[in-house]
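Scroll down for the structure; my scribbles are underneath it.
The values are calculated or read from the model by the stated rules, or taken from the named source; none is laboratory data. Keep in mind that what you see is a predicted model, and the values were worked out from it rather than measured. Heads up, the Cβs are rebuilt from the backbone with ideal geometry, glycines too, and the neighbour counts pull from every protein chain shown.
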Amino acid sequence: MSDATTRRGFLAGVAGAGGVAAAGTAAGQEQTTTVDMTDSLVFDPEEVTVQVGTEVVWENVGSVGHSVTAYEDGIPEGADYWASGGFDDESSARGAYPSQGDVPGGESYSHTFETTGTHEYFCIPHESVGMVGEVVVTEDPPPEDTGYETIVPNSAQTLAVWLVAGLTAVLGLTWFFMKFGGDYEAGEEGGGGGGGV
Ligand SMILES: [Cu+2]
């Protein structure tokens, strides 16, 4: 299942914009998550959790038009504003709908998330009936990757790596001086003896 998921993600990445695919390759990941927009006027699923660098694709699987519009006050500090139609801020997005920013039935909008934290968004025409959602962006890989990384937090892993590296360095230096330190002195003595002959 894991393999199939990866392959789908890879194909989706290839099919996507060249820039997006390149960014995914640079990060060593090809990840896509899909959210449906339905005629029931909901984002399905309403909440998704993705690893940083993941492209989220909103597909309008119905016939009613929707927008995918970030709440300017609902995205992490430092994150670029995002919305279907490519607006720089929420009020522009609201003002231009539906002539711009609409995602008609059968079409899709995608955004690649580069900033960790919770991104809240809504659909302009259906916000009043609760068509809202959120994307939670995390540093950690999705749980299915490996058992070890899921259990041990990144900070603990980093600490363990540094401890092992430090210990290895100390042991290595000790070994080096014990072995080659002795040889070096012996070699010098030998060289001195040779010079004497
Ligand atoms: Cu909608």
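Against the numbered list (1) surrounded by fewer than 16 Cβ atoms within 10 Å (Cβ to Cβ); (2) more than 16 Å from G133 (Cβ to Cβ); (3) within 13 Å of the ligand (Cβ to nearest atom), D102 comes up short only at (1). May I ask you to say which residue of T49, T5 is part of a helix (DSSP H, G or I), of a type in the set (S, T, N, Q) and either surrounded by fewer than 19 Cβ atoms within 10 Å (Cβ to Cβ) or at pLDDT below 50 (or both)? Of the residues listed, the single one that is part of a helix (DSSP H, G or I), of a type in the set (S, T, N, Q) and either surrounded by fewer than 19 Cβ atoms within 10 Å (Cβ to Cβ) or at pLDDT below 50 (or both) is T5. Summed over the stretch 93-130, the residues that are of a type in the set (D, E, K, R) and in contact with a strand residue (DSSP E or B) (Cβ under 7 Å, 6 or more places away or on another chain) give a count of 2.
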